[in-house]
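Participant: Encoded as structure tokens, here's the structure I'll be asking about.
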Amino acid sequence: MPGTDLVRLRLALTAFFALDGFVFAGWVVRIPAIKEQTGASAGSLGLALLGVSAGAVITMTLTGRLCRRYGSHLVTVVCAVVLCLSVGLPPLTHSPLALGLVLLLFGAAYGGINVAFNSAAVDLVAALRRPIMPSFHAAFSLGGMIGAGLGALVAGSLSPTRHLWGLAAVGLLVTAVAGRALMRCAPLTPAGAGRTGTERAAPRRPDRRTRALVIVFGLIALCTAYGEGALADWGALHLEEDLGASPGAAAVGYSCFALAMTVGRLTGTAQLERLGRTRTLLAGGSTAVAGMLLGALAPSLWAALLGYAVTGLGLANLFPVAVERAGALAGPGGVATASTLGYGGMLLGPPAIGFMADWFSLPAALTSVAVLAAVATVIGFAARRADAG
């Protein structure tokens, strides 16, 4: 594939990563309004929100096969269309059951597009022979920050219906432009092997050792996503309840974490080129351990905010590296396995923190983020010889 086509492909994939974060964040900030509209209790809302998780996990396990059969580019575009259309459905529901059903569709599209565009990104990384995977995840983070910020600005003036259907319209427009560019790019898979010499043929039937390595990198993704989910749901509460921060100051905590993670991913390619994969995992995991211990146990607000930011920098590139390696080892199936494990970690984090906070305290519970970051570091170090690639 000519260099201009590779640049076009990279830009198109970056747009889809940003779109995914933008749409998902836009939905998240309207959850309180949707809860009021449907009359859901906290418990019934929790069950309805499981629709997102269930749909994502089920689809992630199937999307690898769809990518192998139809190509990751087509699957990315189709899932983007469904994602954009389904984000407008929650405001049309008036019961927790109906909300759960439409969120099942939204979650399915969200899970599918994550596997599809990560698979396409893995192929592009191999073609360029540069570790650019963190830049795609930086686009996701930036899209999420823009979506959340925009949602906060319009929440008081726009109804959830107008806001989310506005998101859907913007998303479909981006999909039309980026999708056209993506579909014009020859696939960097065995299906397009006759047209370009840069493809990497991933094994269709990985051997036992390869499957084990994919699971290893999936566990690293799980440990990383656990921390993201825990800080998203519990970080502000810790600052407010344990350190006496105002609601506004407490909200800054997750912003510090998300901004630092975005910065870490924007500089991730340079870090990988300088340090290599194993050292990046070790440095990132160790940094996250120190940051989260500070964030959870610091006696002052400013020290805790610094800890959150350091944690974001540390965790930033662990997930992209893990998914890229799983895809390089086993193609779309490897991406699906690592993504499913990673998403499972994001689901596991918030309730696990809640249970541990009841048993011990919230600061003690948040130290589990540091523990799992340490586990990811140890796993990465232990797997360095087995994963010589």
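Just so it is clear, none of the values below were taken in a lab; they were calculated from the coordinates. If you're wondering where the values come from, they're calculated on a predicted model, not measured in any experiment. Cβ placement follows ideal geometry from the backbone for every residue including glycine, while neighbour counts extend to all protein chains displayed.
Participant: So how much slack lies between R209 and V371, counting 0.36 nm per residue of separation and subtracting their Cα-Cα distance, in nm?
Facilitator: 55.6 nm
Participant: Something else: Sort 82-91, 167-176 by the packing proxy (mean of other Cβ within 10 Å over each peptide's residues), most packed first.
Facilitator: Listed from highest to lowest mean packing, they are 82-91, 167-176.
Participant: A further question follows. Any idea what diffusion coefficient the range 1-123 gets from Stokes-Einstein, in µm²/s, Kirkwood Rh on alpha carbon pairs, 25 °C, 0.890 mPa s?
Facilitator: 163 µm²/s
Participant: Turning to a different aspect of this structure: Tell me the Kirkwood hydrodynamic radius of the range 271-361 in angstroms, computed as one over the mean inverse distance between distinct C-alpha pairs.
Facilitator: With all distinct Cα pairs of the range 271-361 included, I get 14.8 Å.
Participant: Taking 0.36 nm per intervening residue step and subtracting the Cα-Cα distance, what contour gain separates A270 from A232 on full extension?
Facilitator: Separation in residues times 0.36 nm, less the Cα-Cα distance, equals 11.0 nm.
Participant: Which FRET efficiency value, to the nearest 0.05, do you get for M183 and S300 by plugging their Cβ-Cβ distance into 1/(1 + (r/R0)^6) with R0 = 45 Å?
Facilitator: 0.30
Participant: Another question, if that's okay. For the range 208-382, what is the largest minus smallest coordinate of the Cα atoms on each principal axis, given in angstrom and ordered from greatest to least?
Facilitator: Sorted largest first, the three principal extents are 50, 34, 24 Å.
Participant: Further question: Read phi for every residue in the range 226-240 and hand back ³J(HN,Hα) as whole Hz from Karplus 6.51 cos²θ - 1.76 cosθ + 1.60, θ = phi - 60°, with x for Gly and Pro.
Facilitator: After applying 6.51 cos²θ - 1.76 cosθ + 1.60, I find 3, x, 4, x, 5, 6, 4, 8, 10, x, 5, 4, 4, 5, 6 Hz.
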